[in-house]
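So the structure is just underneath, and the comments pick up after that.
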Amino acid sequence: MPTSLARAWARQAAEFLPDLKVLVLQGNTRKGLFDQISTSHLVISTYPLLHRDHDILLARDWELAILDEAQAVKNPASTAAKRIRDIRARMRLALTGTPMENTLTDLWALFDWLVPGLLGDRKTFRAQVMLPIEKEGNTLAQARLNRRIEPFLLRRRKDQVALDLPAKTEITDLIPLGAKQQALYETVRMAMDTRVREAIAKRGVQGAQITILDALLRMRQVCCDPQLLQDGPASVDSAKRERLLEMLESLVQEGRKVLVFSQFVEMLRLIEADVSARGWRYEWLTGDTLDRDGAVTRFQQGSAQIFLISLKAGGVGLTLTAADTVILYDPWWNPAVERQAMDRAHRIGQTKAVFVYRLVAEGTVEEAILGLQTASKP
């Protein structure tokens with residue numbers, strides 16, 4: 001799987017199958033865990049590490065090999081795509097949310113790993129299948145391809161499985177920071193660590209509360225977007241903001257209606273600029289919004305696909321059942337506050353499955369907040 005998903009898989013396994021022994025092979029200490037592979041039920045690795053750890057991972061037989069976000073290895077010439085073909089497994093499964101009809105080459109690449117030989121070699125597939133379908137619009141060739149792959153393909157959209165899913169599905173998206181943003185975060189964290197320790201030494205923990213809160217605030221601001229810092233560098237991109245825009249691009253195309261919550265009005269302003277630049281229709285609600293009911297009514301009646309809301313202003317007292325997707329841009333200490341926000345869409349009158357996404361900067365104070373929330377659950 002991609003590097004960013006390894007820990008998410010481990011969390012999901014712990015939630016749904018707590019008795020499963022899960023081994024995550026990631027980071028510089030992973031080699032010390034190699035001796036646990038044989039006694040583990042599920043071994044998690046990443047595409048970049050296949051090249052480094054192939055002598056260990058590919059030297060044994062597996063019951064099942066799973067590729068998550070399988071489109072990551074759709075290029076047969078890539079190192080990861082070559083390595084996965086050396087995996088010895090009795091069963092193979094490829095998971096991808098990316099439509100494979102983007103190009104038939106992508107389809108061939110995935111099936112060449114899943115069921116080697118099913119679609120022939122690459123040259124033959126190109127001549128007999130891809131070119132007739134993509135260049136000539138040959139419906140007979142398309143029908144033959146459909147029949148060939150149908151027994152091995154399960155493709156369903158979210159609206160097709162709504163009856164099989166809980167009314168509300170919560171998804172935590174761990175987002176790795178880019179190199180520059182990570183370096184800035186570490187600089188701020190170390191500076192704040194020094195300030196907090198000095199404040200505690202002088203005034204005790206109670207007397208240093210303002211300093212502690214300021215330190216947490218600045219670290220959280222870096223996670224959201226470095227531009228939130230008063231002296232923040234404009235040249236450092238926000239990994240989380242980029243991820244949000246990727247999500248919105250897809251959600252808008254799917255015709256979904258989205259609530260985006262943030263505690264920082266300044267962050268919402270940055271998101272607003274991105275949304276406006278792309279021509280997406282949106283509504284806005286913060287503590288300064290005068291016509292609160294008007295914004296809600298317009299959204300409910302279909303004036304916009306995106307509703308930008310401050311957590312404080314929109315956490316309670318709203319019914320926004322026109323939305324089917326909620327994005328919590330930054331986590332908060334109290335999970336009840338988040339629950340109130342996501343339940344703006346998950347209320348009586350909602351007829352669609354609601355999907356809630358938490359965007360969390362990996363390896364930061366935001367992930368620590370997530371850990372505290374998990375530990376506080378009964």
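With I210, I271 as the choices, which residue is surrounded by fewer than 15 Cβ atoms within 10 Å (Cβ to Cβ) and within 24 Å of W333 (Cα to Cα)? Selected residue: I210, the only one of I210, I271 that is surrounded by fewer than 15 Cβ atoms within 10 Å (Cβ to Cβ) and within 24 Å of W333 (Cα to Cα).
Per-residue answers, yes or no, for (1) modelled with pLDDT under 90; (2) assigned by TED's automatic domain parsing to the domain that holds V222; (3) farther than 15 Å from A341 by Cβ:
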{"residue": "E266", "(1), (2), (3)": "no, no, yes"}
{"residue": "I271", "(1), (2), (3)": "no, no, yes"}
{"residue": "A277", "(1), (2), (3)": "no, no, yes"}
{"residue": "W280", "(1), (2), (3)": "no, no, yes"}
{"residue": "D293", "(1), (2), (3)": "yes, no, yes"}
{"residue": "T297", "(1), (2), (3)": "yes, no, yes"}
{"residue": "L311", "(1), (2), (3)": "yes, no, no"}
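Residues that are part of a loop (DSSP other than H, G, I, E, B) and either modelled with pLDDT under 85 or over 19 Å from L58 (Cβ atoms) (or both) within region 112-130 comprise V115, G117, L118, L119, G120, D121, listed in sequence order. Among the candidates A89, A94, A81, the residue that is touching a strand residue (DSSP E or B) at 6+ places or on another chain (Cβ under 6 Å), of a type in the set (G, A, S), within 27 Å of H54 (Cα to Cα) and crowded, with 16+ Cβ neighbours inside 10 Å is uniquely A94. Among the residues in region 256-266, are any more than 17 Å from Y357 (Cβ to Cβ), touching a residue at least 12 places away in the same chain (Cβ under 8 Å) and crowded, with 22+ Cβ neighbours inside 10 Å? No - not one qualifying residue is present in region 256-266.
Among the residues that make up region 33-42, is at least one of them closer than 28 Å to R243 by Cβ and surrounded by 12 or more Cβ atoms within 10 Å (Cβ to Cβ)?
Yes, there is a match, as at least one residue in region 33-42 is closer than 28 Å to R243 by Cβ and surrounded by 12 or more Cβ atoms within 10 Å (Cβ to Cβ).
Is it fair to say A323 is out of contact with any helix residue (DSSP H, G or I) (no Cβ under 7 Å at 6 or more places or on another chain), assigned by TED's automatic domain parsing to the domain that holds V265 and part of a loop (DSSP other than H, G, I, E, B)? Yes.
Here R281, R358, R344 are screened, and the one residue that is crowded, with 20+ Cβ neighbours inside 10 Å, under 18 Å from E249 (Cα atoms), in contact (Cβ under 8 Å) with a residue 12 or more places away in the chain and among the charged types (D, E, K, R) is R358. Suppose we filter A183, A109 for residues that are modelled with pLDDT under 90 and over 30 Å from R256 (Cα atoms); which single one remains? Within the list A183, A109, the selection yields A109.
Count of region 180-202 residues, restricted to those that are within 29 Å of L5 (Cβ to Cβ) and over 19 Å from the mean Cα position of the chain (by Cα), is 9.
The condition (being assigned to a helix (DSSP H, G or I) and either modelled with pLDDT of 90 or more or in the same structural domain as R147 (by TED's automatic domain parsing) (or both)) is satisfied by just one residue among A77, A89, A81: A81.
Condition check ((1) out of contact with any helix residue (DSSP H, G or I) (no Cβ under 6 Å at 6 or more places or on another chain); (2) of a type in the set (D, E, K, R)) across all residues:
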residue: D53; (1), (2): yes, yes
residue: L57; (1), (2): yes, no
residue: D86; (1), (2): yes, yes
residue: R90; (1), (2): yes, yes
residue: L93; (1), (2): yes, no
residue: L118; (1), (2): no, no
residue: Q128; (1), (2): yes, no
residue: P132; (1), (2): no, no
residue: G137; (1), (2): yes, no
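Of all residues in region 16-25, one or more are assigned to a helix (DSSP H, G or I) and in the same structural domain as L58 (by TED's automatic domain parsing).
The values are calculated or read from the model by the stated rules, or taken from the named source; none is laboratory data. Because the structure is predicted, anything quoted here is derived from the model rather than measured. No Cβ is skipped: glycine too gets one built from the backbone with ideal geometry, and neighbour counts run over all protein chains shown.
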